[in-house]
Amino acid sequence: MVHRRALPFALALVTMWTAPAVAQVLISPGANQSDVTVIPPAFQPPYHLTVRIYVSAPDGRPLPPPIGANLLVIDAQGRRTGMDGGGALHAEIPGARWGLETNPQPNAPVGPRGLLGTGITLDDAPDGPYVVEVAGTDRVQLDLAVAQWDSRGQRRWMHFLHAATEPGAIDRWDLPYTARNRPAFDLREQRDGSYMSIRAYGRRGDSVVKATTELLLTDPRGRRLGRAPGSRQNVQEIPRATYDSGTGDIEGRELEVLRPAAGAYALDVTGIAAGAYDITVYVTDRAGQSQSPFEIIGVPTRAGETHRYALQTAAPPRVAGALGHDARLLSYAAPAATRTELARGETAVTIVILYAPGIARETFRATLAGRDVSALFTPRPGGSQAVRLPVAVGSSTLVLSVQGHGIVHTDTLEIVRR
């Protein structure tokens, strides 16, 4: 069972209309003058739309713009105005402009509280769907305010919400704008229930034991989470993610990523002690729908030995070895290259092999230095295994082949023992 720990994110949404104080109150003629007529203010088109964010430190201190978060608006044609997650400014929407902002009422009882920020103004914005994107550049609190103004500068209505962000995080809200409506829309966050969990435990025989490995995950943008080989400190560059010992009774290693970026990931599994490990990869899509967990059981390891896996989060999620992972029928988490030199004193090589779902298992063949070693492998479509092969002194060639989908894949690996 996967336990999701709540990652820091707060959200509140409020809609405000013009204050009653701007209305005219007239006393109608009558004997007791008890009838009251309220005349609402008259708003003059054309209207302009403003989207603003005000940023504060976690302790409430205001931050100078544009520190903390970048603001971008995208129209129905995909045109952008504002600053994207990489810090680049865009000015593609006609009649729209980005600039620095100061909140005129940061201490109002109801309303956005941040003092400083950035904003985008759209003059006479066409009706249609827009997307508001906020990309975090620091760990901050933020207030997002969307308002409509008439030609005389009177505010017709305002929506605002409170949220939080952190470096690398991207949040988006749908803004279905209709100028004549009051209120014109409700801000709706684009929900993303995608999630990834990678757990590692040690294994002794049929029993799960304390972890014998450290994990390092690298996302498609090169950001890392976990502990790098040879390091004593964790790195946390992937947003909305954690790395710890897990929530089970037995100490393990667990990577959790909320809203993982789509694409290819690399997972390094590095031994910290002699033994074996189990890996379980659990992924859900944006709708929160999960696939069956992918498991690799009983992989032998030792201190300093690194196995590398390739993970693909796109549906359906896939796990393969980093060597030969593309469209190959066979891939390898170890060795990491087609030529491997064993450490001095080593007499055997560990082959961590992952089989593609489409293999025909009866066609699998393996030879080491010309000797048939196929019986040491148990190929299973979509499965994986670790095989320990004794190697003679000198250079030995390991040849593995299998058929599937009407094609034959053959891999040749060189193993050198000094």
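The values are calculated or read from the model by the stated rules, or taken from the named source; none is laboratory data. This structure is a prediction, so every number in the text was calculated from the model and none was measured. Cβ: placed from backbone, ideal geometry, glycine included. Neighbour counts: every protein chain shown. With ligands, DNA and RNA removed, areas are computed over all heavy atoms of the protein, side chains included. Shrake-Rupley method; radii C 1.70, N 1.55, O 1.52, S 1.80 Å.
Summed over the range 107-137, the residues that are outside any strand (DSSP E or B), open to solvent by 70 Å² or more (accessible area, probe 1.4 Å) and at negative phi give a count of 6. Restrict the check to the range 193-212 and report whether at least one residue is surrounded by fewer than 18 Cβ atoms within 10 Å (Cβ to Cβ) and of a type in the set (A, V, I, L, M). Yes - at least one qualifying residue is present in the range 193-212. The residues in the range 46-64 that are open to solvent by 20 Å² or more (accessible area, probe 1.4 Å), more than 26 Å from Arg156 (Cα to Cα) and not in a strand (DSSP E or B) can be counted, and the count is 6. The set of residues in the range 88-106 being assigned to a loop (DSSP other than H, G, I, E, B) and either open to solvent by less than 40 Å² (accessible area, probe 1.4 Å) or free of Cβ contacts under 8 Å to residues at least 24 places away in the same chain (or both) consists of Ala88, Glu92, Ile93, Pro94, Asn103, Pro104, Gln105, Pro106. Quickly run through the range 356-378 and pick out the residues that are within 18 Å of Pro300 (Cα to Cα) and either touching a residue at least 24 places away in the same chain (Cβ under 8 Å) or of a type in the set (Ser, Thr, Tyr) (or both). Selection gives Phe377, Thr378. Selection within the range 298-327: residues that are under 25 Å from Thr410 (Cα atoms) and of a type in the set (Val, Ile, Thr). The member of this set that is most open to solvent (accessible area, probe 1.4 Å) is Thr306. Please determine, by comparing only the residues of the range 328-352 that are hydrophobic (A, V, I, L, M, F, W, C), open to solvent by less than 60 Å² (accessible area, probe 1.4 Å) and outside any strand (DSSP E or B), which one is farthest from Leu400 (Cα to Cα). Ranking the candidates gives Leu342 first. Reported count of residues in the range 171-190, each being exposed (fewer than 14 other Cβ atoms within 10 Å of the Cβ), of a type in the set (D, E, K, R) and at pLDDT 85 or above, is 2.
Within the range 388-402, can you find the residues that are open to solvent by 10 Å² or more (accessible area, probe 1.4 Å), more than 14 Å from Glu414 (Cα to Cα) and hydrophobic (A, V, I, L, M, F, W, C)? Passing the criteria: none in range. The test for being of a type in the set (A, V, I, L, M, F, W, C), free of Cβ contacts under 8 Å to residues at least 60 places away in the same chain and more than 15 Å from Leu187 (Cβ to Cβ) holds for Ala76. For the residues Thr301, Thr242, the requirement of being over 22 Å from the mean Cα position of the chain (by Cα) and of a type in the set (S, T, N, Q) singles out Thr301.
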